[in-house]
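The values are calculated or read from the model by the stated rules, or taken from the named source; none is laboratory data. For clarity, every value in this text was computed on a predicted model and none was experimentally measured. Methodologically, a virtual Cβ is constructed for each residue, glycine included, from the backbone with ideal geometry; neighbour enumeration extends over all protein chains shown. SASA here: full protein model, heavy atoms, side chains in, ligands and nucleic acids out. Shrake-Rupley method; radii C 1.70, N 1.55, O 1.52, S 1.80 Å.
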Amino acid sequence: MEQSVVSVDVVALRFWADDAGVSVGIAVREMEPFTGRLALPGVLLGRGERLVAAARRAVHTKLGVPEAAIGAVGQLVTFDEPNRDPRGPTLSIAMWAVVGPHEGAAQWVSFDEVPALAFDHNRIIDAARGLLARLLWKDMAFTRALTGDEFPATRAVELSAALQGARPDPANLNRTLATIPGLARTTERRRVKATGRPAAIWAFTPNE
């Protein structure tokens, strides 16, 4: 039986201070197959290479993200359709990564504006969005990589809306935030828009 090659394809996310929502990194492929097509950053898993190391390598080499700007990384799901790669059977392990501010040539698009991508990368993004929405506010490594140590309530709304595809009910979201260990609503308020009330600030307890 022909053995499958293992690839690591990464849904790289950015949610920087000036970003209105979460966006996904894509780049033009420079080699066959699908040369010139947009795709997620992906690499073949090296012999003895760990998944996180491969994911970081993909984000660095394919999106041009400096290694120092690559934050938390985690595993999502495996795609085992044998015909997903024209080169032959390729098992794809989808990973997520959160990247910090940097200068680079990658394109960043919202989940609702992803263009047609090579391979089955649109399917990977569609599946990843639902999985990431379920990780938000539950997986603290993932959540804190996106929010930072403190964030205004409006950012929590934007983050939830980007991953869930709809704006959350503010009261329900506040209740969710209040149940997270190590996260508390502070007495500080911060103006984040030219009009409207200053937003409440939530902060994680150091080392939580």
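Here are some notes:
- Of the residues Arg134, Arg144, the single one that is within 14 Å of the chain's Cα centre (by Cα), in a helix (DSSP H, G or I) and in contact (Cβ under 8 Å) with a residue 12 or more places away in the chain is Arg144.
- None of Ala72, Ala97, Ala106 is open to solvent by less than 60 Å² (accessible area, probe 1.4 Å), out of contact with any Gly (no Cβ under 8 Å at 6 or more places or on another chain) and either among the aliphatic types (A, V, I, L, M) or within 18 Å of Val59 (Cβ to Cβ) (or both) except Ala72.
- Within region 109-119, the set of residues being surrounded by 18 or more Cβ atoms within 10 Å (Cβ to Cβ) and at negative phi comprises Phe111, Val114, Leu117, Ala118.
- Region 1-20 - residue that is crowded, with 16+ Cβ neighbours inside 10 Å and in a loop (DSSP other than H, G, I, E, B) and, of those, farthest from the chain's Cα centre (by Cα): Asp19
- When we screen Arg197, Arg167 for residues that are farther than 26 Å from Pro101 by Cα, open to solvent by 50 Å² or more (accessible area, probe 1.4 Å), without any contact (Cβ under 8 Å) to a residue 12 or more places away in the chain and part of a loop (DSSP other than H, G, I, E, B), the only hit is Arg197.
- Odd one out for Leu159, checked against (1) touching a residue at least 60 places away in the same chain (Cβ under 8 Å); (2) under 24 Å from Val43 (Cβ atoms): (2)
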